[in-house]
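S.K.: Before I ask anything, let me first share the structure, which is written out below as structure tokens.
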Amino acid sequence: MSQPHKTKRHRRYTEEALKDVLSAVEKGMTLREAASVFKVPYTAVKRYGEDTSPKKIGRERELNTSEEINLTTVSSSAQYQARTYSRAAGFHL
């Protein structure tokens, strides 16, 4: 037997109420208290208030930028020297 089609529920709060909640939180009220007072769902406030900038993934870098550039320069120089040496010795890489 198929289940009835669920329709999307419309918001029961306004954008202004959401902004009022965030300003109340900035003034010292907890997120849950403000959401309750302004009758806005806690999860909506939490999601709206979250930082939307991309999060860094992975661990911190071991090398800073100048160390990384230095390492790539040394590495490419070593590869060049290995290629030159192997050609002189008759090897093909």
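S.K.: In region 23-38, how many are assigned to a helix (DSSP H, G or I) and of a type outside the set (D, E, K, R)?
M.R.: Filtering region 23-38 for residues assigned to a helix (DSSP H, G or I) gives 23-26, 31-37.
Next cut, of a type outside the set (D, E, K, R) only: 23-25, 31, 34-37.
Residues that pass the stated criteria total 8.
S.K.: Between a first residue in region 54-79 that is surrounded by 10 or more Cβ atoms within 10 Å (Cβ to Cβ) and a second residue that is in a helix (DSSP H, G or I), which pairs have beta carbons less than 7 Å apart while being 6 or more apart in sequence or on different chains?
M.R.: Final answer for the pair search is 63/71.
S.K.: Sticking with this structure for a sec: Just give me the residues in region 11-20 being modelled with pLDDT under 90 and either surrounded by 11 or more Cβ atoms within 10 Å (Cβ to Cβ) or assigned to a helix (DSSP H, G or I) (or both), in sequence order.
M.R.: Matches in region 11-20: 11, 13, 14, 15, 18, 19.
The values are calculated or read from the model by the stated rules, or taken from the named source; none is laboratory data. Not measured: the values here are computed from a predicted model. Cβ: placed from backbone, ideal geometry, glycine included. Neighbour counts: every protein chain shown.
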